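See structure below.
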Amino acid sequence: MDGFVAGGSSTRIPQGSRKVGDFSHSDGYHQRARRSTQAARQPQRDDSGSIALDMKLDNDTKTRKKPKNSWFSKAHLPKLRTVALVFVIAFGSYFITSAYLKARQVFQGGGGAVALQDNIDPARLSGEGDGRVNVLLLGTDDAGGLTDTIIVASIDPIHDEAALLSIPRDLYVEREGLGSMKINEVFPNERNRALAEQATQRQAQIRGYKAIQDSVSEVIGIPMHYYVSVDFDGFRRAIDTVGGLTLTVEQPVYEVMSLEGQRYVLNVQPGEEHFDGLRALAYVRSRKTSPRGDFDRSERQREMLIALKDEIVSSGTWSNPARINSLFSDFSDNVQTSFALEEIMRLREIADKIGADNVESIELVGEEPKNFIISDSLNGLSIQRPRIGMYDYSEIQNFVRNTLRDGYLRSEDAVVLVMNGTDQPDLAARQTEELESFGYSVATPQENDIPLQRETILVDLTNGEKKYTKRYLEQRLKTFASTNLPRGVSVDNERVDFVILIGDNEVTRLQN
């Protein structure tokens, strides 16, 4: 099956310039069969990929005279207005109630991302990365459950920004109890193992989603707070529900493929193009004629998600009960997620503030030096792996953490100075490098020029003003910050906000 794959350097997508990516499957997309109505109204597909309807409708041109005392007479207009008002209220209430109930069916979870709330108590933060909301977006097939579309949507509610990062479906990973496999196989393999252990279908799915979340988090080094899994039919129907998407296409895409068991010719030219659900599905599946194959398709996928988000916001979907009802109907049978309803509504409020020019598209495969993943072969199996070595994700994690910098760290931008209080060399440099990989601003480390320390000490020179950074450092060092430097220790750099004095208790960890 084909799916979304990552790309290379971090690039900002200009507003109005959009590309599309992929929810694809090598065996084609198979929509559920629909019952036809009249033979004369069957869709006919032509070679351009469009669907034409030959519709013959009978016209009854006979005119009927209205009775003198009909409901449309002046005498009954006040009653008619009252009935119409009651009907509109009842009809609108039905849609709102129906949408709410369907939403409850979809959003039953609760990932608990603290950054969704305002004025967060620092005590609720467990570690770097909690200053963003990270959502794992999965595109799945209906049969085997391979997650060939793997995208991380990372939202910074503090700065009203977001980013989309694609994970290559063929990236080779290890899973405890399962062994080594492509990352798109993690979900179905863990789910099937759970079923073999007599778990219920729901329990098995949850275990599968937890496994793929953990695998992605291990690769890129940031927590996954939520997941959203959408199958092909849900994707297509959601596009149709919002009335399709109009995108500015930069590169032509032409491919003959199979859709719904029929020959489909996708012909997209540079310029403004409109996509209904079926055409969008074909476009995001296409890869064979693209110069970079899966990577070009992945880039188009991220752009399609941005376009869908903007369309939902700009078209007034949330103020249209009928459209909300249709959208949740699309999702109720085709979406699995760990969001609770209250959380998704809060995320909608945040997303409304994020324009297309504030959504960054991030790739892991591209021009040097930001080409972190390479293709390889393992016992005849085509895979992708980190360029610095199999299962070594340190370079990827460093890049991702600094590109998707924690919102609180970015906001406070505290400067951290590390001093080595042991007789072992280079520990301050190692601790500084580690902090820098998590997005901290660091000063030049100082080695072996302070009194020896038995325990690591954290000193807060801001008097508590940079409370979120303080919390993160306390959690990381497993200590509480003091406000005074130990005797014999001084700091010349006025920009320094926190000082870490490495003690003997950190020697073993930092040397390994």
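Tabulated data for the structure shown
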read-out	value
Condition broken by LEU510, with the remaining ones in (1) touching a helix residue (DSSP H, G or I) at 6+ places or on another chain (Cβ under 8 Å); (2) in a loop (DSSP other than H, G, I, E, B); (3) at pLDDT below 95 satisfied	(2)
Odd one out for LEU473, checked against (1) buried (at least 19 other Cβ atoms within 10 Å of the Cβ); (2) over 23 Å from ASN512 (Cα atoms); (3) of a type outside the set (Asp, Glu)	(2)
Count - residues of segment 474-495 that are under 35 Å from the mean Cα position of the chain (by Cα) and closer than 14 Å to MET419 by Cβ	1
Scan of segment 179-197 for residues that are over 21 Å from SER298 (Cβ atoms) and either in contact (Cβ under 8 Å) with a residue 24 or more places away in the chain or among the β-branched types (Val, Ile, Thr) (or both), ordered by number	ARG191
In segment 358-391, the residues that are among the charged types (D, E, K, R), loosely packed, with under 12 Cβ neighbours inside 10 Å and touching a strand residue (DSSP E or B) at 6+ places or on another chain (Cβ under 9 Å)	none
Filtered residue count, segment 210-244, keeping only those that are assigned to a helix (DSSP H, G or I) and over 30 Å from SER437 (Cβ atoms)	10
Single residue of segment 170-189 satisfying the filter (touching a Leu at 6+ places or on another chain (Cβ under 8 Å) and closer than 14 Å to VAL216 by Cα) that is surrounded by the fewest Cβ atoms within 10 Å (Cβ to Cβ)	TYR172
Filter result for LEU417 (more than 30 Å from ILE183 (Cα to Cα), in contact (Cβ under 8 Å) with a residue 60 or more places away in the chain, among the hydrophobic types (A, V, I, L, M, F, W, C) and surrounded by 22 or more Cβ atoms within 10 Å (Cβ to Cβ))	yes
Residues located in segment 187-215, provided they are over 14 Å from SER229 (Cα atoms) and under 20 Å from the mean Cα position of the chain (by Cα)	ASP214, SER215
Which numbered condition ILE450 fails, given (1) hydrophobic (A, V, I, L, M, F, W, C); (2) modelled with pLDDT under 95; (3) within 30 Å of GLU185 (Cα to Cα)	(3)
Residues within segment 121-147 that are modelled with pLDDT of 90 or more and outside any strand (DSSP E or B), tallied	12
Scope segment 398-411; condition surrounded by fewer than 20 Cβ atoms within 10 Å (Cβ to Cβ) and either acidic (Asp, Glu) or touching a helix residue (DSSP H, G or I) at 6+ places or on another chain (Cβ under 6 Å) (or both); matching residues	ASN398
All strands (runs of 3 or more DSSP E) inside segment 245-292 with 3 or more residues being more than 19 Å from ILE306 (Cβ to Cβ)	253-259, 262-268
Count of segment 496-507 residues which are under 36 Å from the mean Cα position of the chain (by Cα) and assigned to a loop (DSSP other than H, G, I, E, B)	2
Failed item, numbered, when PRO451 is tested on (1) within 22 Å of GLU494 (Cβ to Cβ); (2) out of contact with any Asp or Glu (no Cβ under 9 Å at 6 or more places or on another chain)	(1)
So ILE150, is it modelled with pLDDT of 85 or more and either outside the structural domain of ASN184 (by TED's automatic domain parsing) or in a strand (DSSP E or B) (or both)	yes
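Condition check ((1) at pLDDT 95 or above; (2) small (Gly, Ala, Ser); (3) over 19 Å from ALA162 (Cα atoms)) across all residues:
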{"position": "ARG405", "(1), (2), (3)": "yes, no, no"}
{"position": "GLU412", "(1), (2), (3)": "yes, no, no"}
{"position": "VAL415", "(1), (2), (3)": "yes, no, yes"}
{"position": "GLN424", "(1), (2), (3)": "no, no, yes"}
{"position": "GLU434", "(1), (2), (3)": "yes, no, yes"}
{"position": "TYR440", "(1), (2), (3)": "yes, no, yes"}
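The values are calculated or read from the model by the stated rules, or taken from the named source; none is laboratory data. Just so we're clear, the structure is a prediction, and the values are computed from it rather than from any experiment. Backbone-built Cβ (ideal geometry, glycine too); neighbour counts: all protein chains shown.
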